[in-house]
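First comes the structure, then the notes that go with it.
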Amino acid sequence: MTVSERRRLVLEFADINPVYAYRVAEQLHSTKSDIIPELIEQIVSNRPKPFVKWVGGKRQLLAQFKNYGLYPPDKFNPLVNTYFEPFVGGGAVFFDLLPKKAVISDSNTELVTTYNVIKNDVEALIYSLNNDNYIYDKERFLEVRALPKERELSDLETAARFIYLNRTCFNGMYRVNKSGHFNVPFGTYANPLICDEVNLRKVSESLKDVTIKNQDYKKILNKTKKGDFVYFDPPYHPASATASFTSYTADGFTSEQQVELRDTFLELHKRGCCVMLSNSDTDFINDIYRELAKEGIVIKKVSAGRAINSNSAKRGKVQEVLVTNY
């Protein structure tokens, strides 16, 4: 039985997306196992999940993407083509798809360093996170947060610090000041799991054949080809003058850059890629993508829960746009 035939049977037994179904089918094929629901359930339940908490992560929206019939795109064949995610963040979409061929990237140097350390040296990272340097304590949190001001960190130290701060800071936010220094306050938790050894090993295995880059999203144009799937989840356009209180990089992401991203979206569309983009439901974002309607670009609306806002009355459900060219 071929992998494609096994994939069809996997999709009959498991409520998973068709791209990930290829991964499950390959695992069954490599073990020469029979197609039984119990084994499929075991494989699916053992899949990796994002290793960091991430504000604006897309895990909660995947069902809505799927219900629209837009995720993943039918034309995307993960056995032939490549998945690209240039603003990978916590990687909720990547870890849901787990495509055979993928290029993930981000402009956040510490985040990309952490992905690469998990990929290449996960046991050393686990050992580091389990020592007494990374305990849940406010005084220790402030010491670790200040570390780059005092000395240069190795890649391993950078990754351990990144995961520790993410797990112990307020709401898993990532925010830097104008100097590029992480400045999120200490978070209050009962007993945070700082080192999830089991999941880190799963993540490491899933990244084995994945290309991980620290680069500007526009570099994607050098690599994509017809049939590839590109998902953009950029820093969102602020819904108001005071809404953008989390700065992803020291330079921010301006309205002009949003327009440049729109133009990149269009170029990828003309190249024959399947392109999907998320952003805030603002007049500005709707206007710049509505201009592409004649090219077959479609805007849908999804509802997302947001727990972070400087105004507590504005927390809760918010509208986002989902832009696709298919």
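Numbers below:
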{"read-out": "Selection from N131, L142, V10 lying farthest towards where the dipole of the chain points positive, charges on Cβ", "value": "V10"}
{"read-out": "Segment 111-199: equivalent-ellipsoid semi-axes (sqrt of 5 x gyration tensor eigenvalues, Cα, Å)", "value": "19, 16, 12"}
{"read-out": "For the chain, calculated [θ]222 nm from helices alone, where every DSSP H run of n ≥ 4 adds -39500 (n - 2.57)", "value": "-12000 deg cm²/dmol"}
{"read-out": "Highest-fluctuation residue, L200, L28, L97 considered, GNM on the chain with Cα pairs under 10 Å", "value": "L28"}
{"read-out": "Over segment 1-47 - Rg/Rh using Cα atoms and the Kirkwood inverse-distance radius", "value": "0.89"}
{"read-out": "Estimated dipole of segment 16-156 in Debye, rounded to 20 [Cβ of Lys and Arg +1, of Asp and Glu -1, Cα centre]", "value": "480"}
{"read-out": "At q = 0.14, 0.23 Å⁻¹, base-10 log of I(q)/I(0) for segment 12-80 (Debye sum, equal scatterers on each alpha carbon)", "value": "-0.55, -1.17"}
{"read-out": "Dipole-positive endmost among V275, H29, L292 within the chain (Cβ charges, Cα centre)", "value": "L292"}
{"read-out": "32 Å Cα-Cα threshold exceeded, pairs from K101/K270; K219/K301; K119/K219; K138/K301; K178/K270", "value": "K138/K301; K178/K270"}
{"read-out": "Orientation-averaged projected area, Cα convex hull of the chain (nm²)", "value": "17.4"}
{"read-out": "Contact order relative to length of the chain, as percent, for alpha carbon pairs under 8 angstrom and 6 or more apart", "value": "18"}
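Only the coordinates and a few stated rules stand behind these numbers; no lab work does. Model, not experiment: these values are computed from the prediction. Cβ sites come from the backbone with ideal geometry, for glycine too, and all protein chains shown count toward neighbours.
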